[in-house]
Amino acid sequence: MARHFLALHDYDKAELDGMLTLARELKEKQKQGVPHRLLDGKALAMIFEKSSTRTRISFEVGMFQLGGHGLFISNRDSQIGRGEPIRDTARVMSRYCDGVMIRTFGQEIVDEFARYASVPVINGLTDLFHPCQIMADLLTVLEHKRTYEGLKFAWVGDGNNMANTWIEAAAIFGFDLALACPAGYRPDQAVLAWADAKAPGRITVTDDPKAAVKDADVINTDVWASMGQESEQKERERAFAGYCLDDALLALAKPDAIVLHCLPAHRGEEIADSVIEGKNSVVWDEAENRLHIQKAIMATLMG
């Protein structure tokens, strides 16, 4: 039976650490120009119901560097957009491809696809979780801090798919996480309950960004209105007043704190231009690491 990558909670710490270690090895091989065609001749179907710059390029280039091929599929390019049942598409693609990556809206879509697929399915993003991005973020933390153990992580902003997946990561890897989210925009309650049962006391949720960021080693934020929420932009701007990661907020963290943002960034809204361009920002390393961690995930599942 195929092993999927739908959410972090499907894996234990040792398995995820193994992927992080492999990602660092593959990154070093790429830097040295050493071929690493671990998926020679294999094909990955990439289904995009939500468009993306980083997800498409990193998966497609990653498959190329691993010796395989990535096929871009939008709603316009398949029968999914015309109402073909997910289970039918999953069965057919499994006959053609060695793996499937899906970037979509509801988590139930990737869950159903994986249920009927006979090849590995990777969650490229849903409204509930963004596991590939958090793994890239953790790879970045390891590069800059050498460890994630004993660090304080802070999240400032919407309790969205990123926040939910950070909560899972904190519970699995065993680090402290403080989330600052306005009332009405808190993380998923079921995810919080799962994490609290697994790692009691590791995760705190507040409506005070200053409290969350104080003495933090790693600070992360995201846009206030994610894809599909554009109609709520003005309402969210009012709700998130005071949640901008600016120089004053950053000053409350440790002097050597690193700043993460999964991009795209709305400068002047959730993050100040001076912060994303400042000395604490590792955003561009983080963006690059999507490539390396996803290569490790694909090699682990499809190799």
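Within region 141-165, how many residues are assigned to a helix (DSSP H, G or I) and not hydrophobic (A, V, I, L, M, F, W, C)?
Total meeting the criteria: 6.
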Any residue in region 207-216 that is under 23 Å from HIS9 (Cα atoms), of a type in the set (D, E, K, R) and in a helix (DSSP H, G or I)? no
Qualifying residues in region 228-251 (those that are within 24 Å of the chain's Cα centre (by Cα), at negative phi and part of a loop (DSSP other than H, G, I, E, B)) - the one surrounded by the most Cβ atoms within 10 Å (Cβ to Cβ): TYR243
Only one of ALA170, ALA225 is in contact with a Lys or Arg (Cβ under 9 Å, 6 or more places away or on another chain), assigned to a helix (DSSP H, G or I) and surrounded by 14 or more Cβ atoms within 10 Å (Cβ to Cβ); which? ALA170
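Do we have any residue at all in region 264-271 that's in contact with a strand residue (DSSP E or B) (Cβ under 9 Å, 6 or more places away or on another chain), touching a residue at least 24 places away in the same chain (Cβ under 8 Å) and in a helix (DSSP H, G or I)?
no
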Does region 66-76 contain any residue that is at pLDDT below 95 and assigned to a helix (DSSP H, G or I)? yes
Select from region 113-140 the residues that are of a type in the set (A, V, I, L, M) and part of a loop (DSSP other than H, G, I, E, B) and list them in ascending order. ALA117, VAL119, LEU128
Could you tell me how many of the residues in region 172-190 are touching an Asp or Glu at 6+ places or on another chain (Cβ under 9 Å) and in contact (Cβ under 8 Å) with a residue 60 or more places away in the chain? 5
Residues that are in the same structural domain as ILE276 (by TED's automatic domain parsing), under 24 Å from ALA287 (Cα atoms) and either surrounded by fewer than 23 Cβ atoms within 10 Å (Cβ to Cβ) or out of contact with any helix residue (DSSP H, G or I) (no Cβ under 6 Å at 6 or more places or on another chain) (or both): does region 194-206 have at least one? no
Could you check how many residues of region 115-150 are touching a Phe, Trp or Tyr at 6+ places or on another chain (Cβ under 9 Å), small (Gly, Ala, Ser) and more than 14 Å from PHE175 (Cβ to Cβ)? 1
Of (1) surrounded by 23 or more Cβ atoms within 10 Å (Cβ to Cβ); (2) in the same structural domain as GLU237 (by TED's automatic domain parsing); (3) under 18 Å from LEU16 (Cβ atoms), VAL156 satisfies every one except (3)
Is it the case that some residue within region 135-152 is surrounded by fewer than 24 Cβ atoms within 10 Å (Cβ to Cβ) and among the small types (Gly, Ala, Ser)? yes
Can we say THR55 is β-branched (Val, Ile, Thr), under 27 Å from LEU38 (Cα atoms) and in contact with a Cys (Cβ under 8 Å, 6 or more places away or on another chain)? yes
Within region 92-112, the residues that are in a helix (DSSP H, G or I), over 15 Å from HIS4 (Cα atoms) and of a type outside the set (A, V, I, L, M) are ARG95, TYR96
From the list LYS254, LYS214, pick out the single residue that is of a type outside the set (Ser, Thr, Tyr), in contact with a Leu (Cβ under 6 Å, 6 or more places away or on another chain) and either crowded, with 20+ Cβ neighbours inside 10 Å or modelled with pLDDT of 95 or more (or both). LYS214
Options SER52, SER78, SER58, SER74: the member that is in contact (Cβ under 8 Å) with a residue 24 or more places away in the chain and buried (at least 21 other Cβ atoms within 10 Å of the Cβ): SER58
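The values are calculated or read from the model by the stated rules, or taken from the named source; none is laboratory data. Fair warning: this is a prediction, and the values are worked out from it, not measured in the lab. Counting neighbours? That spans all protein chains shown, and the Cβs are built from the backbone with ideal geometry, glycine included.
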